[in-house]
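None of the figures in this text is laboratory data; all of them are computed from the coordinates on show. All values reported here derive from a predicted model rather than from experimental measurement. As a convention, Cβ positions derive from the backbone with ideal geometry for all residues, glycine included, and neighbour counts pool all protein chains shown.
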Amino acid sequence: MTPALRDSRFLRACRGEEVDATPVWLMRQAGRYMKEYRDVRARVAFKDLCKDPALAAEVTDTAARRIGADAAIVFSDILLILEPMGAALEYEGAGGPRIETRVASPEDVGRLRAADPEALSFVYDAVRQSRAALPPDVPLIGFSGAPFTLASYLIEGRSAREAEKTRIFMRTEPAAWNALLGRLVDGLIPYLTRQAAAGAQALQIFDTWVGALGPSDYRASVLPHMQRLVAALPAGVPVIVFGTGTAGILELLKETGAGVVGVDSRIGLGAARARLGATPVQGNLDSTVLFAGREVIRKAAAEVLDATRGRPGHVFNLGHGVLPGTPVDNVIALVDAVHELSSRR
């Protein structure tokens, strides 16, 4: 890693070190709110974009430069790892991604193939090309879904915030549940490791639906798998774990071993930091604030910063992704406001 990357605001904050200004990047910063992204999507389907390293690198780099972010995240999708395992994955149409080959029994778990990391070489190529395109002092984040959320998609067949079928399977088929998460972790370890080897300076694990679980269920049925995953990832590469609705399990997210805990907007950042101790945090502006006026955005950004001011180890982000229709100029204004308000020069 070059000195410019090692000493970047983002990586220093991930290590809990002092910075000259709070680093900021945004989940879904390359997305439908941005005209450049929509222009690319007008020519190519979503899955095809994910599998075209040159186009994926283009939208990754364009977004980071356009908004002035302190880090970029490679353009990809958490569900792509499920295809080489045998899942029939479709993205087009209403209702979000769908998996037609649902897991509904122990036998279905047994039929899943081991995820061949070579089948995802287009992701590693996108990481390499993104790293080459980005400014030399802007770190690149690789990512994956978390075992629970990936299992939820396999069991539910689609997005399911309450994850009811998933929780029923977890309770009624505990052996198959552990086998399923074990198989997912077996695939995620080389997948994330190869992203780091290809040029990602940090890794984020998205656990979108884990907020459906209470602390006891998470500790018993998910935490051991997350700990095995995080422990196996390359030393020196910061790992961020993020989920929505996780106020009830924040301390357990810390127990995964991740170096940074992402926080959504349902809990105050000050309260989250009090519970997490010295662990660096990422978050947590409500995404809808970006539809308001500039003064509202500035005030909301200041409130997030004030909740952690004086303590190192904060990466500014949203509580979730940038929403479609968000004015790009407002996103740029947010990034500028965070840098100005937090400047320690």
Suppose each label sits 7 Å from its Cα in the direction of the beta carbon; what would the F122-D7 distance come out to in nanometres? 4.0 nm
Using the Kirkwood formula on the Cα atoms of the stretch 3-342, what hydrodynamic radius do you get, in angstrom to one decimal? 20.1 Å
For A88 paired with E295, estimate the spin-label separation in nm (one decimal), with each label point 7 Å from Cα along the Cα-to-Cβ line. 5.6 nm
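Set the Förster radius R0 to 22 Å, insert the Cβ-Cβ distance between A45 and A114 as r into 1/(1 + (r/R0)^6), and round the FRET efficiency to 0.05. List each step's numbers first, then the result.
Working: r = 27 Å, r/R0 = 1.24.
Here the calculated transfer efficiency is 0.20.
Assuming R0 = 35 Å, what is the FRET efficiency of A302 and A132, from their Cβ-Cβ distance, to the nearest 0.05? Before the final figure, lay out the partial values.
On the way: r = 36 Å, r/R0 = 1.04.
Rounded to the nearest 0.05, the efficiency is 0.45.
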Could you run the Debye sum over the Cα atoms of the stretch 2-107, one equal point scatterer each and no solvent, and tell me log10 of I(q)/I(0) at q = 0.12, 0.13, 0.19, 0.22 Å⁻¹, two decimals? -0.57, -0.64, -1.00, -1.15
Peptides ranked, highest mean first, by Cβ atoms within 10 Å: ranges 248-259, 104-115: 248-259, 104-115
With label points built 7 Å along Cα→Cβ from the Cα atoms of E100 and K165, find their separation and express it in nm. 1.5 nm
Here, the stretch 237-345 modelled as identical Cα point scatterers in vacuum has Debye log10 I(q)/I(0) at q = 0.10 Å⁻¹ of -0.27
Helix-only estimate, please: 222 nm mean residue ellipticity of the chain, summing -39500 (n - 2.57) across DSSP H runs of length 4 or more and dividing by its residues, to the nearest 500. -13500 deg cm²/dmol
What is the log10 of I(q)/I(0) for the stretch 99-192, computed with the Debye formula using one identical point scatterer on each Cα and no solvent, at q = 0.12, 0.25 Å⁻¹? -0.47, -1.28
Using the Karplus curve 6.51 cos²θ - 1.76 cosθ + 1.60 with θ = phi - 60°, work out ³J(HN,Hα) for each residue of the stretch 287-304 in order, rounded to whole Hz, and write x for Gly and Pro. 4, 6, 4, 6, 8, 8, x, 4, 5, 5, 4, 4, 5, 5, 4, 4, 5, 5
Roughly how far apart, in whole Å, are the Cα centres of the stretch 255-291 and the stretch 32-92? 25 Å
